[in-house]
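The values are calculated or read from the model by the stated rules, or taken from the named source; none is laboratory data. It should be emphasised that the depicted structure is a prediction, and the values quoted were computed from it without experimental measurement. Virtual Cβ from ideal backbone geometry, glycine too; neighbours counted across all protein chains shown. Ligands, DNA and RNA are stripped out before the accessible areas are found, and what is left, the full protein with its side chains, is counted by its heavy atoms. Shrake-Rupley method; radii C 1.70, N 1.55, O 1.52, S 1.80 Å.
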There are 4 protein chains.
Amino acid sequence: MSSTSSRYSTIALVGKFDRSDVSEPISQIAAHLLQSGRTVLVAEHTGLDLNLPNASNVEVVSFETIGKRADLAIVVGGDGTLLVSARKLAPYGVPLVGVNRGRLGFLTDLSAATACEAITRLLQGEFSSERRQMLDVRVERAGETVFRGLALNDVVLQKGDAGRMIEFGVHIDNEFVYDQRSDGLIVATPTGSTAYALSANGPIIHPGVGGIALVPLCSHTLTNRPITLPETARIAIRLFAPHVARVHCDGQERFDVQADDQVMIERSRHCLNLLHPPEYSYFAMLREKLRWSEAPRER
Amino acid sequence: MSSTSSRYSTIALVGKFDRSDVSEPISQIAAHLLQSGRTVLVAEHTGLDLNLPNASNVEVVSFETIGKRADLAIVVGGDGTLLVSARKLAPYGVPLVGVNRGRLGFLTDLSAATACEAITRLLQGEFSSERRQMLDVRVERAGETVFRGLALNDVVLQKGDAGRMIEFGVHIDNEFVYDQRSDGLIVATPTGSTAYALSANGPIIHPGVGGIALVPLCSHTLTNRPITLPETARIAIRLFAPHVARVHCDGQERFDVQADDQVMIERSRHCLNLLHPPEYSYFAMLREKLRWSEAPRER
Amino acid sequence: MSSTSSRYSTIALVGKFDRSDVSEPISQIAAHLLQSGRTVLVAEHTGLDLNLPNASNVEVVSFETIGKRADLAIVVGGDGTLLVSARKLAPYGVPLVGVNRGRLGFLTDLSAATACEAITRLLQGEFSSERRQMLDVRVERAGETVFRGLALNDVVLQKGDAGRMIEFGVHIDNEFVYDQRSDGLIVATPTGSTAYALSANGPIIHPGVGGIALVPLCSHTLTNRPITLPETARIAIRLFAPHVARVHCDGQERFDVQADDQVMIERSRHCLNLLHPPEYSYFAMLREKLRWSEAPRER
Amino acid sequence: MSSTSSRYSTIALVGKFDRSDVSEPISQIAAHLLQSGRTVLVAEHTGLDLNLPNASNVEVVSFETIGKRADLAIVVGGDGTLLVSARKLAPYGVPLVGVNRGRLGFLTDLSAATACEAITRLLQGEFSSERRQMLDVRVERAGETVFRGLALNDVVLQKGDAGRMIEFGVHIDNEFVYDQRSDGLIVATPTGSTAYALSANGPIIHPGVGGIALVPLCSHTLTNRPITLPETARIAIRLFAPHVARVHCDGQERFDVQADDQVMIERSRHCLNLLHPPEYSYFAMLREKLRWSEAPRER
């Protein structure tokens, strides 16, 4: 379908930071795209020795440039690389598709071995598309905003250096919910529900559910169980003196939070537009990743 | 406001089955309603010796009659009584409000001690109203529907008599999800997330979230964690031979399931219209019921 | 070593009840033992068409006869078959070794494929031996003992037919511990800690620990967490009226408990003497069974 | 009984560091002890303005001096103060008794309000005594011991600053157990099982059980459940490059662990000798602290 083809005339390639093992799949995909006449942008941090037949159509550029020019970004690496790319590119509305270099990821569902073929089909319009909810976080200190972040998986308030529990109060939509003494609190999207939140005993939330999960980390009060809030919830966490803590976005960006800071978290107006091959299945991915495959009937 | 008053001209009273300790609050509320000129219907199972000043305006009737005639049903008892009433009256669209006879319930938030005053305010329009999602369940055997049920909290497939694990397969929207060996599976609404599902390590789900939770009971596969699905999910559970099991609706209705039966569960077109006093707060109720009150700051 | 050889002159073979798929490994092992001049007893329920070269040394006998005459019992099947055998033979002090017919079991660690070789080594004294703690259970009704049982894994008090929570009180060493409202209570040995108790969120307990675990099933009180008691603990559970329930031993024997019955559980004076091949490792078995093999370093 | 009285002729008082709110109870207890002719030692860090009638029998001394001279140490504060005192004084074999200044602690079971009376009875021999197991920890770096610590509750290896999961390998008694990717690992005594380990979903372990619990913090592998090992277990944890981490003893002492360091943990030869009033009950304390008091029968 020509309209589909023209829709994806400029394509960005993003690799894991400074990892040479993505060099080969990226070179292959780039060559494949150039052959079909596309313009190829390579994210500058990817920093690889690309050996390409037709280098004039390949530009090494910043995420900002990718955001402004690319019709699609192909992310080669693991879920971590896709998380970085999502935070950088979602504000520009660039759709992403992930290529894993080995094991299937929660977010990267094309296999490197068959990526070129899958990408060809994708460029012909054979794909499904999903909008994944993201979170905005803002730290307020004495009335001023001192940090802003964006997250696809989660915003985590966590104890820092000292290794002691922190204490904080949680309000939702300006209503008091609870004071908590714990190692911290994970605020997760459905996408993030299978990441850090899962290891903290949080529930799996299907990406089709509009919700935000609060998952305590080692709460002192045993009844302080995970809760899923409506996606419209505006969450405010106030760190009590004399505690200090950290805020993490997707476990990748970090900001040091001081006593009496307010951490404000709510649904972002940006969504990740994530593309999948037609055979993608969320449940099949869960079975594979969580090893549900030990089907009792096969005993 | 007269329009509000006239909106509630016929009011039903429902008490806990055969429990005399609801007799006094029900008589008081009935007298109070009669004084203001309302017609009072009393659910027949409530079976109490009511001693009322103006008995001509009081009729003892079936749930069906309540459904057809009442503008509002006041349920006096615990959450259990409210669950029965919800399943009986939600199909008629009758709004419910719950009066507890002691401890606050998850669903019954008026206190018997101050019920008359609260009801007066409610009849004047001072209340908030919520639509709580319900579940339809249907058991299919050899192509025929052998059971239909409705649930406000949960539909539970559970091992029966033999005390052994059961095995079943789960499909969602006609897609295979997993085969499971466990004591059973709780399919819960957000309302039910604080009931049985909570004791099975399920997540709390705010009633404002559109979702259905699957919470395994003692799953043999440890990674088989609770999952929240979109409220549109159509869930099909097939019990494998040679197992037999039970289906429970709200822990109150029960049906015996045979091997190869299919249990089909989906969002009901009926919702419970639940009324609350203006000061009602979901989070305050959770704090009270889950004893989050041990606020760490007060130490 | 001749003393070792003579120590095991009469050997019993126990297979899974009425399952023909253990016929071949049992026949092979029997032939192998007869060749080396041993007397072979076959448990009567095993009920197989054994086709053996030297049938005069093979007797089909009851568990009681095995208990009185055998120097060793080789159990071919899964953990379930070993549990039955342990309850039947531990009172006689007969050591057991388990042969699995496919996947490694928690208790059956010889593989059927290499069983003959492993048994030869075992009969030459190449094995390790472990004493596994067992539990005695006694149900008292109006001062009389109405049931006695023995368990290797666990004694479980569980709700029955009605599907509703049960209520009971727990005393330990005549001291009140708690009243509980739940689906039941698992009382598990360290051996049982990796069985049903694990799926109910109980802790793994190494068999070298002297302890008894109490693991609630869906406790209404969320803080009612699993607890490990000293192995000397005498546990008394009183079922409150109007509840009825079931007691299960190893999920295989069952007794119906009435309101006001007392279920008394304590360490048995019988232990299972479980033999393992020299290369057996408890931790390796856990890694295999719990799939810890996904070693993070291999990513 | 005079022998009992003479047994406790020199008594140490330890208060919470720099907290004036223990001044009054400590002064009262000191005056009470001086009246009965005892010598009173006050831990120097307690640093209070004591206003005592007979100051010649009161000495402000170091923990070392208390260890060498005291027959008993009375600790006034919370569980935290008792943990410090236990690590300091257990090596000298000084028995401890804890006085809480408000809410009952897990370890401090005399109430400040009635402490003098309770202490009088204790000095007359009315008490029970318990030996609580402790843990030794040693960090080895390139063959050298770079840290030694002692813990009553737990030794915790935990991710530090960076907020990312750490990776480490665990050996027990020189046998490989697992490699783990997680936020860290709690190694807890039965005493510590109701502290940090409990909030990380660890099991409660009665102090009469000889065991050491391994409780993962947010393990990446969901089947990596808590395990209780025999108390004789020698645990070696090797932190994999490029990770750095922290070791905490009782959440109070801390050491920075580098990649390839080995953290060696085993039962200490020191025990805490903890005294309780005769009416002390472990289960009653659990009921109080975990709020099991919501007895279902009282509904």
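Positive end of the dipole of the stretch B:229-299, charges at C-beta (+1 Lys, Arg; -1 Asp, Glu), about the Cα centre: which of B:TYR280, B:HIS270, B:GLN252 has its Cα farthest in that direction?
Of the listed residues, the answer is B:TYR280.
About its Cα centre, what dipole magnitude does chain B give when the only charges are +1 on Lys and Arg Cβ and -1 on Asp and Glu Cβ, stated in debye to the nearest 20?
The dipole of chain B has a size of about 360 debye.
Averaged over its residues, how many other protein chain Cβ atoms are within 10 Å of peptide C:179-186's Cβ atoms?
4
Tell me the distances, shortest first, between C:ASN174 and the same position across the other copies, using label points 7 Å along Cα→Cβ, in nm to one decimal.
Relative to the other copies, C:ASN174 has label-point distances of 4.7, 6.3, 6.8 nm.
For D:GLU59, what accessible area in Å² do you get when you roll a 1.4 Å probe over the heavy atoms of the protein chains, rounding to the nearest 10?
Approximately 70 Å² of D:GLU59 is accessible to the 1.4 Å probe.
Quick check for you: with a 1.4 Å probe and neighbouring chains kept, what is the accessible area per residue of the protein assembly as shown, in Å²?
Result: 38 Å² of accessible area for each residue.
Which whole number gives the average, over all residues in C:225-236, of C-beta atoms from other chains lying within 10 Å of the residue C-beta?
Going residue by residue through C:225-236 and averaging, the value is 5.
Order B:GLU266, A:GLU117 by their accessible area, 1.4 angstrom probe, all chains in place, largest first.
A:GLU117, B:GLU266
Arranged from highest to lowest average of other beta-carbon atoms within 10 Å per residue, in what order do the peptides B:7-13, C:230-236 appear?
Descending mean neighbour count gives B:7-13, C:230-236.
Considering every residue in B:194-203, what mean count of other chain Cβ atoms within 10 Å of its Cβ is obtained?
6
Ignoring ligands, DNA and RNA, what percent of the 1.4 Å accessible area of the protein assembly as shown is carbon and sulfur?
About 45 percent, which is the carbon plus sulfur part of the accessible surface.
GNM on chain D, C-alpha springs below 10 Å: top fluctuator among D:ILE119, D:ILE186, D:ILE227?
Residue with maximal mean-square fluctuation among D:ILE119, D:ILE186, D:ILE227: D:ILE227.
Calculate one ³J(HN,Hα) per residue across the stretch C:100-109 by plugging θ = phi - 60° into the Karplus curve 6.51 cos²θ - 1.76 cosθ + 1.60, and present them in order as whole Hz with x for glycine and proline.
Running phi through 6.51 cos²θ - 1.76 cosθ + 1.60 with θ = phi - 60° gives 8, 9, x, 6, 3, x, 5, 10, 10, 10 Hz.
Past 23 Å, Cα to Cα, is the threshold; run A:LYS159/B:LYS289; A:LYS289/C:LYS289; D:LYS88/D:LYS159; A:LYS68/A:LYS88; A:LYS159/C:LYS289; A:LYS16/A:LYS289 against it and keep the listed order.
Beyond 23 Å between Cα atoms: A:LYS159/B:LYS289; D:LYS88/D:LYS159; A:LYS159/C:LYS289.
To one decimal in nm, how far is A:THR65 from the same spot in the other copies, if labels go 7 Å from Cα toward Cβ? Please give the shortest first.
7.3, 8.2, 8.8
Find the sum over both chains of the accessible area lost when D and C are paired, probe 1.4 Å, and report it in Å² to the nearest 100.
That pair hides around 3900 Å² of surface in total.
Which ³J(HN,Hα) values in Hz, rounded to whole numbers, follow from the phi angles of the stretch D:265-281 under the Karplus curve 6.51 cos²θ - 1.76 cosθ + 1.60, where θ = phi - 60° and Gly and Pro get x?
Listing the rounded values in order: 10, 8, 4, 7, 6, 8, 10, 8, 9, 9, 9, 9, x, x, 7, 4, 9 Hz.
Going from most exposed to least, what order do A:LYS88, A:LYS159, B:LYS289, D:LYS16 have by accessible area with a 1.4 Å probe?
Final ranking, largest accessible area leading: A:LYS88, D:LYS16, B:LYS289, A:LYS159.
Nearest beta-carbon of B to the rotation axis carrying it onto A: which residue, how many whole Å?
Of all Cβ atoms in chain B, the one nearest the axis gives B:PRO203, 2.
Considering only the other residues whose Cβ falls under 9 Å of the Cβ of A:ASN100, what net charge follows from Lys and Arg at +1 and Asp and Glu at -1?
Around A:ASN100, the surrounding residues sum to 0.
Near A:LEU217, within a Cβ-to-Cβ distance under 15 Å, what is the net charge of the other residues, with Lys and Arg +1 and Asp and Glu -1?
Taking every other residue near A:LEU217 into account, the sum is +3.
Using the C-alpha gyration tensor of the protein assembly as shown, what are the square roots of 5 times its eigenvalues, in whole angstrom, with the largest one first?
Ellipsoid half-lengths, sorted descending, are 45, 43, 40 Å.
Under the Karplus relation 6.51 cos²θ - 1.76 cosθ + 1.60, θ = phi - 60°, what is the ordered set of whole-Hz ³J(HN,Hα) values for the stretch D:170-179, x standing for Gly and Pro?
After applying 6.51 cos²θ - 1.76 cosθ + 1.60, I find 10, 10, 10, 6, 6, 10, 5, 10, 6, 9 Hz.
Sum up the charges of everything whose Cβ sits under 11 Å from the Cβ of C:SER128, counting Lys and Arg as +1 and Asp and Glu as -1, but leave C:SER128 out. Intermediate values should be presented prior to the final figure.
On the way: positive: none; negative: C:ASP109, C:GLU126, C:GLU130, C:GLU279.
Its environment carries a net charge of -4.
Can you give me the orientation-averaged projected area of the convex hull built on the Cα atoms of the stretch B:203-265, in nm²? Could the numbers behind the result be given before it?
On the way: hull surface 21.1 nm².
Convex hull of Cα atoms, orientation-averaged projection: 5.3 nm².
Residues of the stretch A:224-246 with backbone nitrogen within less than 18 Å of a virtual label 7 Å along the Cα-to-Cβ line of A:ARG141, please, listed as ranges.
A:237-246
Heavy atoms only, 1.4 Å probe, whole protein assembly: order B:TYR178, A:TYR196 by accessible area, highest first.
Greatest to least solvent exposure: A:TYR196, B:TYR178.
Whose amide H sits under 5 Å from the amide H of B:PHE240, counting only residues 5 or more places off or on another chain, with H placed in the peptide plane?
B:GLU167, B:PHE168, B:GLY169, B:ASP260
Along Cα→Cβ at 7 Å, what distances in nm separate the D:PRO278 label point from those on the other copies, shortest first?
So the distances to the same position in the other copies read 5.8, 6.0, 8.4 nm.
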